[in-house]
Each structure stands twice: as C-alpha cells, then as structure tokens.
Amino acid sequence: SYMKLEDSLRNAVRRKVDDGTIELPSHSNVSRLEAMHGTILMRLLYKAGLVDVDFGALHENLRKLRNMAAHKHNFEISQEAAKNFADSSIALIDKLEEI
C-alpha cells in the first residue's frame, strides 16, 4: 500500500506542476519527479497549501514504519497494526487523488 501511496503523491505533485500551482525548484524538472523522495514531494504540496501539517505527519509516520519493515531485521507487526497502516495509506491516497 505504501508504493501506491508514493505513486499517488508523485501524481498529485505532477498534476499541480502541470497546472502551475507548484513550481519546482530551478534545479529540478518534471522528469526528476520519479526520483524525488516522498518527503520532498509532501513538502511541495504543503508549501502550496494543498495539505496540512497533520496530513504530512501521517505520511511521515507511514514512511518511517515502511522503512522499518523493509530494513529492520526481525521486524514484526500485529495484524491490527498492518490493517491500520493499510487503512491510513488508503485514506491518504484518496485525499491525494482529490488534489
């Protein structure tokens, strides 16, 4: 679910670059969006006033949890926590698709 969240985040930023709402830094261009870290993409949406602090914080918490799951040896998560992760990801994706 996190990969879909990252895709939705990138697509939201791309749409807002295309319609002129977001201006990428001078050293960036639309083709570089694929390589941009999710935190940077979220910051662009936040600076444009398209998401609030809570939205960004939820994304950051999900990103950290995903990184622990991907990189921490013997990482364990309860079934309930995994469901909450997926539900939170879906809620963010739904909001991003509205942007």
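Check whether at least one residue in the stretch 63-72 is free of Cβ contacts under 8 Å to residues at least 12 places away in the same chain, assigned to a helix (DSSP H, G or I), within 12 Å of the chain's Cα centre (by Cα) and closer than 15 Å to Leu9 by Cα, and report yes or no. Looking for residues that are free of Cβ contacts under 8 Å to residues at least 12 places away in the same chain, assigned to a helix (DSSP H, G or I), within 12 Å of the chain's Cα centre (by Cα) and closer than 15 Å to Leu9 by Cα, one finds none in the stretch 63-72, hence no.
Among residues of the stretch 35-62 that are among the charged types (D, E, K, R), those with a Cβ under 9 angstrom from a residue that is not in a loop (DSSP other than H, G, I, E, B), sequence gap 6+ or separate chain, pair up as Arg43/Gly56; Asp52/Tyr46; Glu60/Gly38; Glu60/Thr39; Glu60/Met42.
If you filter the stretch 73-94 down to residues that are within 17 Å of the chain's Cα centre (by Cα) and of a type in the set (Asp, Glu), you find that the one that is modelled with the lowest pLDDT is Asp87.
The values are calculated or read from the model by the stated rules, or taken from the named source; none is laboratory data. Quick caveat: nothing in here was measured; it's all calculated off a predicted structure. Cβ coordinates were reconstructed from backbone atoms using ideal geometry, including for glycine residues, and neighbour counts include every protein chain displayed.
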